[in-house]
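Q: Before anything else, here's the structure in question.
Read-outs: derived from the displayed coordinates by stated rules, not from any lab. Keep in mind it's a predicted model, so treat the numbers as computed, not measured. Please note: Cβ atoms are built from the backbone with ideal geometry, for glycine as well, and neighbour counts cover all protein chains shown.
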Amino acid sequence: MRCSTFLDRYDRLDAGEETGFFLRLHLSNCPDCRRKVAHLEAAVSAWMEADEASPRTREGGEIVDLRIMSAIGLLPRPRKELHARNWAVSGAVFLLSMAFIPFSKDFSFLRQVFGEGYSLPLFLVLGLGLALFGVVFIGTHMEELEPYVKRHLGGEPRT
Ligand SMILES: [Zn+2]
C-alpha cells in the first residue's frame with residue numbers, strides 16, 4: 001500500500017473506528033506514516049479536550065460550538081445603515097420605474113387594448129405596492145429611523 005493510499009483511508013475512518021488489517025500492516029512498516037498518525041491523534045485529542053471543557057449544543061444535526069457562537073457575539077454588528085440605503089435605493093428605483101410606465105411601449109399597447117380605464121387600477125396597485133414597501137421598510141428600521149424622526153419632526157425624546 002502506498003503512503004497516500006494509507007493516509008486517504010486513514011482520514012476516512014470515523015473517530016474510534018478500528019483500523020483494518022492492511023492499514024495496521026502499513027502503519028507497522030512505515031515510520032513516516034506512523035509519525036503522521038501520531039501527530040493527527042495528538043491534534044485530535046487536544047481538540048477533544050478543549051472541546052469537553054466548553055459546552056456544546058446540537059442544532060439542526062450539526063454540532064455548533066459555543067466558543068464559535070460566543071466569538072460571533074464579539075464581532076462588530078453588521079452595519080444596518082448600508083442596508084437602509086439599499087432599501088431607499090430600491091424604493092427610488094421602484095418609484096422611478098412607475099414614473100416611466102406611461103412612456104413604455106407595453107403600456108401604450110395595453111391602453112389600446114383595454115382603454116383609458118386600465119391605467120387607474122394599474123397605478124392604484126403599484127401605489128399600494130410602494131406603500132407596502134414603505135411600511136415594511138419603516139417597520140424593519142424603526143431603531144435607525146427614530147433619531148431622524150426626532151430630529152426632523154421634533155418629537156420629545158423618550159426617558
Ligand atoms: Zn506510509
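Q: Which of 133, 109 comes first, and how do the rest follow, when ranked by fewest Cβ neighbours within 10 Å?
A: Ordered from fewest to most neighbouring Cβ atoms within 10 Å, 133, 109 come out as 109, 133.
Q: Which value, in debye to the nearest 20, describes the size of the charge dipole of the stretch 80-153 about its Cα centre when Lys and Arg Cβ atoms bear +1, Asp and Glu Cβ atoms bear -1, and nothing else is charged?
A: 120 debye
Q: Kindly state, to the nearest 0.05, the FRET efficiency for residue 111 paired with residue 144, given R0 = 30 Å and r defined as their beta-carbon distance.
A: 0.15
Q: Considering the Cα positions of the stretch 3-53, please state its Rg to one decimal place and its Dmax as a whole number of Å.
A: Over the stretch 3-53's Cα set, Rg and Dmax evaluate to 11.8, 37 Å.
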